[in-house]
Amino acid sequence: MDSLSTYLKYAVDNNAADLFFIAGRAVSVKSDGEIRPISDDKLMPADSDALVRELYTLANREFPEKVHAWDDDFSLSVSGLARFRVNVFQQRGSLAAVIRVVKFGIPDRNALGITDEIMKISNQTRGMVLVTGPAGSGKSTTLACVVDQINKTRNAHIITIEDPIEFIHRNQKSVVSQRELNTDTESYVTALRASLRQAPDVILLGEMRDLDTIQTAMTAAETGHLVISTLHTVGAVNTIDRIIDVFPPSQQQQIRIQLSQVLKTVVSQQLLPTTGGGLAPAFEIMHLNNAIRSMVRDSRIHQIDSVIQTSSSEGMVGMDDSILKLYKAGIITSETAVRAAMNPDVLLKKLGR
């Protein structure tokens with residue numbers, strides 16, 4: 001078994017997204033959407049335990065003796081190499097870790113395919129903006145690019161609340177305060193409520209996980225702040241449904257009204273394997289115009305997709321249109337396009353199949 005530093009350097013040098021220490025299989029990396037081994041031998045439980053303990057030492061954190069009772073998230077930096085987001089957990093009685101590679105500096109949004117329309121989020125001054133998608137779809141990277149744009153162009157106080165901090169933002173035109181769960185604050189809700197007394201202009205909330213967090217975030221957006229956050233949903237319609245369904249039935253009509261007033265934009269994204277062996281983003285962009293606000297308020301959410309399809313002049317893009325564009329450009333295969341589509345049958349017809 002090689003040292004922890006060897007594995008971390010390999011992951012960075014080979015542009016891996018994730019590094020896996022799991023007993024019963026070789027040390028592995030995830031690159032371009034595929035997991036492959038990078039060590040000759042399978043890790044034994046003692047090996048994975050040793051690597052996990054070394055992660056805690058490198059992060060200058062005390063090793064929790066009851067790590068089996070909960071999942072532990074933290075971040076660490078290796079000078080001259082990269083930052084890493086670590087999740088430690090127990091599986092089949094042994095310690096394991098999945099490590100996300102976060103390179104120093106803010107990524108180049110053009111190289112990542114993040115469009116000008118998405119970057120216009122940085123021009124918003126109040127309300128709520130959501131970036132959604134499955135785990136590993138690049139939501140944090142998109143948010144980092146938007147926050148970086150605000151930081152460069154506006155005189156504002158940006159507060160980020162993350163679990164854990166991934167991208168480090170240096171103070172530029174804005175002042176950026178970055179808070180990490182379990183290190184700087186005990187919970188999203190606690191930090192979010194406190195942030196309202198910290199003269200914020202922009203609040204980045206790493207994830208809206210539960211009813212209390214969503215409710216507090218909506219209140220913050222109502223009181224004149226820009227709140228940017230994420231949800232693990234695909235598509236604007238699913239995102240709105242998810243938020244409303246979190247609340248008890250007796251509150252849902254009030255939440256529809258509130259959401260129709262504070263929500264400004266929903267960006268939903270997926271990363272799709274390309275014909276060249278990499279990954280390409282597909283984006284759905286929904287801006288709330290008067291028609292969509294009325295649909296949210298009146299529980300006609302199922303009609304939103306049709307408005308997105310006919311509102312390209314307002315900067316809106318449907319997920320399947322974005323996927324179709326990638327296919328027509330030869331970037332993804334038809335099989336990938338159909339598998340990722342929101343409406344596979346409709347997309348099949350557009351593909352002439």
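The values are calculated or read from the model by the stated rules, or taken from the named source; none is laboratory data. This is a predicted model, so every value here is computed, not measured. Cβ coordinates were reconstructed from backbone atoms using ideal geometry, including for glycine residues, and neighbour counts include every protein chain displayed.
Tell me yes or no: at least one residue of segment 232-249 is crowded, with 21+ Cβ neighbours inside 10 Å and on the phi > 0 side of the Ramachandran plot. Within segment 232-249, one or more residues are crowded, with 21+ Cβ neighbours inside 10 Å and on the phi > 0 side of the Ramachandran plot.
Results for (1) surrounded by 13 or more Cβ atoms within 10 Å (Cβ to Cβ); (2) touching a Cys at 6+ places or on another chain (Cβ under 7 Å); (3) in the same structural domain as Ile228 (by TED's automatic domain parsing); (4) without any contact (Cβ under 8 Å) to a residue 24 or more places away in the chain, shown as yes or no for each residue.
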| residue | (1), (2), (3), (4) |
| --- | --- |
| Ala23 | yes, no, no, no |
| Phe84 | yes, no, no, no |
| Pro107 | yes, yes, no, no |
| Lys120 | yes, no, yes, no |
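The sole residue among Lys120, Lys66 that is closer than 30 Å to Lys264 by Cα and of a type in the set (Lys, Arg) is Lys120. Just one of Val98, Val88 is surrounded by 13 or more Cβ atoms within 10 Å (Cβ to Cβ), over 27 Å from Asn151 (Cβ atoms), modelled with pLDDT under 95 and outside the structural domain of Phe283 (by TED's automatic domain parsing); which is it? None of the other options fit; the residue is Val88.
Do we have Asp71 as touching a strand residue (DSSP E or B) at 6+ places or on another chain (Cβ under 8 Å) and surrounded by fewer than 19 Cβ atoms within 10 Å (Cβ to Cβ) here? Yes: the conditions hold for Asp71. Taking the listed residues Ala144, Ala156, the one that is over 20 Å from Asn110 (Cβ atoms) and at pLDDT 95 or above is Ala156, with no other qualifying.
Residue-by-condition table, conditions (1) at pLDDT 95 or above; (2) surrounded by fewer than 20 Cβ atoms within 10 Å (Cβ to Cβ); (3) among the acidic types (Asp, Glu):
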| site | (1), (2), (3) |
| --- | --- |
| Gly276 | no, yes, no |
| Ala282 | yes, no, no |
| Val296 | yes, no, no |
| Ser311 | yes, yes, no |
| Met316 | yes, no, no |
| Asp320 | yes, no, yes |
| Ile323 | yes, no, no |
| Lys349 | no, yes, no |
| Gly352 | no, yes, no |
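You will find that of Leu196, Leu211, Leu143, the residue that is surrounded by 19 or more Cβ atoms within 10 Å (Cβ to Cβ), of a type in the set (A, V, I, L, M, F, W, C) and out of contact with any Lys or Arg (no Cβ under 6 Å at 6 or more places or on another chain) is Leu143 and no other.
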